[in-house]
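Visitor: First the structure, then my questions, so here it is.
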Amino acid sequence: MHKIIDGKLLAREILEEVSDSVADLASAGWQPKLVAIVIGDSAPVALYVRNQKRTSENAGIEFEERAFSGESTEDEILAAIASMNADPRITGIILQRPVPDHMNMRRLQSAVHPLKDVEGMHPSSIGDIVYNDIRLGPCTAMASVELLKQTGLTLEGLEVTVIGHSEIVGKPIAFLLMAEGATVTVCHHMTRNLAVHSRRSDAVFVAVGKAALISGDMIKPGAAVIDIGINQVTDEDGNTEVVGDADYESCEKVAGWITPVPGGVGPVTVAILMRNSVIAASRQKEHYEARFGTIPMGDTTLRIAKSAMK
Ligand code: NAD
């Protein structure tokens, strides 16, 4: 009998802890505030931002969207990021993906101050993971590993296959799992025989973006399947639905645990963004207090803090 790993339930649990920490920070004068940078018009991005705004506000985190035209130059966005870095009222910066083709995402992400990197995508945050400091990391990757932990499986020595090796999902999942002691195999589009790897694994993560890439016959009986893929498929009658990368029907018959799509990785990803936001705000508080002692956030503090960030 397989068990469904409930992402919505896990997200609620994480968000309860986040709300408590936000209240503590706010009462100490450090109200967390996120700014989402949106460049150009995109329906999926508008949906993500609405979702992030609602979740932030429910957790007591202030949220502001700053929209830029798709015609903006990279320098304009870099200047906007620099001013957000220097503004101590903003404790977290989110760069919505995708950015227009004429911009370099990596350059933009690297411009965000590491203390405000709530997405966990700054090279310094990625570097921390490589050094086994896994408190703050890329949201989807962190969410996926949290879901595996819900199975109660011991991660030390666990045989895991990660399918997909993007910078944002697959690679950080592999590093997070290695930090937890798992034995990790990473597959990608050049892997010769996926099933050889997936079939001998106690857990399979799949983050590719291809519906039904993984079927039940590719899974070891009793293994955990963490499905990160998001694919919109249309049936013969023209009905569309969102599915993952695992063929749910055949995988659920073999797997010990499986995450649904939707309702698995998605809600936990947003919850981790909120948890990262609390960690980032706490680190900024510690950073300033180490320099200036405990002082309430007033105009003078803002001025001092601003000059300190330069
Ligand atoms: P990507 O396109 O950057 O990377 C795809 C990866 O899949 C690459 O590593 C590529 O080598 C690999 N790949 C391609 N074809 C393959 C094949 N036939 N066999 C094995 N590997 C193959 O994608 P991404 O940004 O990592 O996203 C992957 C999926 O996860 C997408 O469906 C995306 O929508 C989804 N996603 C979900 C969330 C979430 O919060 N749930 C967040 C980010 C991405």
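Visitor: For the range 149-175, which positions are in contact with an Asp or Glu (Cβ under 6 Å, 6 or more places away or on another chain) and farther than 20 Å from residue 131 by Cβ?
Guide: 158, 159
One line per residue, one yes/no per condition, for (1) under 23 Å from the mean Cα position of the chain (by Cα); (2) not charged (D, E, K, R):
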| position | (1), (2) |
| --- | --- |
| 198 | no, yes |
| 204 | yes, yes |
| 215 | no, yes |
| 225 | yes, yes |
| 231 | yes, yes |
| 237 | no, no |
| 252 | no, no |
| 256 | no, yes |
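Visitor: Another question, then. How many residues are open to solvent by 60 Å² or more (accessible area, probe 1.4 Å) and within 18 Å of the chain's Cα centre (by Cα) when one looks only at the range 17-56?
Guide: Qualifying residue count for the region: 7.
Visitor: Still on this structure, I have one more. Looking at the structure I just gave you, is residue 98 at pLDDT below 95, surrounded by fewer than 20 Cβ atoms within 10 Å (Cβ to Cβ) and within 27 Å of residue 266 (Cβ to Cβ)?
Guide: Yes.
Visitor: Return yes or no: is residue 151 part of a loop (DSSP other than H, G, I, E, B), in the same structural domain as residue 261 (by TED's automatic domain parsing), open to solvent by less than 60 Å² (accessible area, probe 1.4 Å) and among the β-branched types (Val, Ile, Thr)? Let's see the steps before the verdict.
Guide: Numbers: part of a loop (DSSP other than H, G, I, E, B): yes; in the same structural domain as residue 261 (by TED's automatic domain parsing): yes; open to solvent by less than 60 Å² (accessible area, probe 1.4 Å): yes; among the β-branched types (Val, Ile, Thr): yes.
Judged against the criteria, residue 151 is a match.
Visitor: If you go through the range 129-142 one residue at a time, do you hit one that is crowded, with 17+ Cβ neighbours inside 10 Å and of a type in the set (Asp, Glu)?
Guide: Among the residues of the range 129-142, not one is crowded, with 17+ Cβ neighbours inside 10 Å and of a type in the set (Asp, Glu), which makes the answer no.
Visitor: Answer yes or no: is there a residue in the range 161-173 that is more than 10 Å from the ligand (Cβ to nearest atom), open to solvent by 60 Å² or more (accessible area, probe 1.4 Å) and more than 17 Å from the chain's Cα centre (by Cα).
Guide: No: the range 161-173 contains no residue that is more than 10 Å from the ligand (Cβ to nearest atom), open to solvent by 60 Å² or more (accessible area, probe 1.4 Å) and more than 17 Å from the chain's Cα centre (by Cα).
Visitor: Suppose we filter the range 122-148 for residues that are in contact (Cβ under 8 Å) with a residue 40 or more places away in the chain and assigned to a helix (DSSP H, G or I); how many remain?
Guide: Final tally of qualifying residues: 11.
Visitor: Quick check on my filter: what residues within the range 174-206 are within 9 Å of the ligand (Cβ to nearest atom) and more than 17 Å from residue 143 (Cα to Cα)?
Guide: 186, 187, 188, 189, 190, 191, 194
Visitor: Here are some conditions: (1) within 11 Å of the ligand (Cβ to nearest atom); (2) in contact (Cβ under 8 Å) with a residue 60 or more places away in the chain. Residue 227 meets all but one. Which one does it not meet?
Guide: (2)
The values are calculated or read from the model by the stated rules, or taken from the named source; none is laboratory data. Predicted model, so just to flag it, every value in this text is computed and none were measured. Methodologically, a virtual Cβ is constructed for each residue, glycine included, from the backbone with ideal geometry; neighbour enumeration extends over all protein chains shown. Accessible surface is based on the protein model in full, side chains and every heavy atom, while ligands, DNA and RNA are left aside. Shrake-Rupley method; radii C 1.70, N 1.55, O 1.52, S 1.80 Å.
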